[in-house]
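**Student:** I'd like to ask you about the structure that follows.
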Amino acid sequence: MLAFSVASLRGQPPVFSEDFESGSLNQAVWKTTELGNATVTVQQTQVAHGKSALQVHYPKGEKSFAFVVASHLPDSVRNHFFGRAYLYISSTMPAGHDVLLNAGTPGYPISNFLEIGASGGKNVMVSYQQNAANISRNETIARGVPYPVGRWFCLEWEFQDHPDRVTTWIDGEPAGELKDFVVKPRAPRAPKADSNSKTDTTAAPAPAAAPQADVAGTDLVKGFSDFSFGFHAWGAGAKEDFDIYYDDIVIDTKRIGFAK
């Protein structure tokens, strides 16, 4: 177990903190969002500090997700905030694009958000994800260092929306960063052939649509309203049962730090 560290040691309490020591999810603090058979529970077997921690269980073969979501945080962290959590990742994390935590607009995954995830089941991957229903889907990603597995570690992050930026640290060391980017519009899809159409296919093709301009990476999310912690495998599902644990989550207007 790691030595305990609290933001109050800096002289003032953080904007938000959760240590799960009540032994269950506080429904006044968290809502849950789940798809498939993935689950979130508070348990007392695998903990970083104290007696309890959050467990996300992801069954073999699943393509699903489970998150706890805080959606009541104040305006002081709406456009820029720091986070810290202690994580324990089992060695069976699914390969592909995995989501660990994010902050953005309501309605995940049909939303816009900044994300900390994993690439290939191994490395830190930070990204801007543009998935809301009223805008074309897009993503901008950057990869970082490998995650520790099979032990507790401290993950810290900074999310900004003006300009959009993600910075991460593991056990106090830089782990990955996304900054100074533009969102490049995806090429329009070619029209599908209609087998019943009598249109002359030898005719000249329609002119290509005018190219869209790149969008500067600033104010893309338009404010963080949902703060989510859990797991989602976008890829081919888990080859083995997988578990990830969270303990001592803190969100604040300043970097929180950790204790070894």
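**Student:** Along the charge dipole of the chain, which of Thr168, Ile256, Phe181 sits closest to the positive end, that is, farthest toward it, with unit charges on the beta carbon of Lys, Arg, Asp and Glu (+1, +1, -1, -1)?
**Tutor:** Going by the Cα projections, it comes out as Phe181.
**Student:** Let me ask something else about it. Is segment 1-160 rounded, prolate or oblate when judged by the Cα gyration tensor, a ≥ b ≥ c being the square roots of its eigenvalues, rounded requiring a/c under 1.5 and prolate requiring a/b larger than b/c?
**Tutor:** Working: a/c = 1.38, a/b = 1.15, b/c = 1.20.
Rounded, since a/c falls under 1.5.
**Student:** Taking θ = phi - 60°, what integer Hz values does the Karplus form 6.51 cos²θ - 1.76 cosθ + 1.60 yield along segment 138-154, in sequence order, with x for Gly and Pro?
**Tutor:** 6, 8, 10, 10, 9, 9, x, 7, x, 6, x, 10, x, 7, 6, 9, 9
**Student:** Let me ask something additional. Take the alpha-carbon centre of segment 224-258, take the same for segment 118-191, and report the distance between them in whole Å.
**Tutor:** 13 Å
**Student:** Which trypsin sites (Lys or Arg not before Pro) from segment 57-117 combine a DSSP loop assignment with at most 14 other Cβ atoms within 10 Å? Present the calculation step by step, with values, prior to reporting the outcome.
**Tutor:** Values: sites: Lys60, Lys63, Arg78, Arg84; in loops: Lys60, Lys63, Arg78.
Filter output for segment 57-117: Lys60.
**Student:** Below 8 Å, C-alpha to C-alpha, sequence gap of six or more: please give me the relative contact order for the chain in percent.
**Tutor:** Numbers: 658 pairs, mean separation 83.8, N = 260.
Relative CO of the chain lands at 32 percent.
**Student:** Now a separate question. Which far-off residues, 5 or more places away or on another chain, put their amide H under 5 Å from the one on Gly96, with H placed in the peptide plane?
**Tutor:** When sequence neighbours closer than 5 places are left aside, the close amide H contacts are Gly120, Gly121.
**Student:** Could you tally the net charge around Ser119, taking each other residue with its Cβ under 9 Å from the Cβ of Ser119, Lys/Arg +1 and Asp/Glu -1? All intermediate terms of the calculation are to be shown ahead of the outcome.
**Tutor:** Values: positive: Lys122, Arg143; negative: Asp98.
In short, +1.
**Student:** Considering Cα pairs under 8 angstrom that are at least six residues apart, work out the relative contact order of segment 79-161 and quote it in whole percent.
**Tutor:** Details: 169 pairs, mean separation 30.9, N = 83.
That works out to 37 percent.
**Student:** To continue, here is another question. What is the set of long-range amide H partners of Phe242 at a cut-off below 5 Å, with H atoms built 1.01 Å from backbone N?
**Tutor:** For Phe242, the qualifying residues are Tyr58, Lys60.
**Student:** I would also like to ask the following. Give me a comma-separated list of calculated 3J(HN,Hα) values for segment 58-68, in order, Karplus coefficients 6.51, -1.76, 1.60 applied at θ = phi - 60°, integers in Hz, x for any Gly or Pro.
**Tutor:** 3J(HN,Hα) across segment 58-68, in whole Hz: 10, x, 3, x, 7, 10, 8, 7, 8, 9, 9.
All of the numbers you see were taken from the coordinates with simple rules; none came from a lab. These numbers come from a predicted model, not from an experiment. Counting neighbours? That spans all protein chains shown, and the Cβs are built from the backbone with ideal geometry, glycine included.
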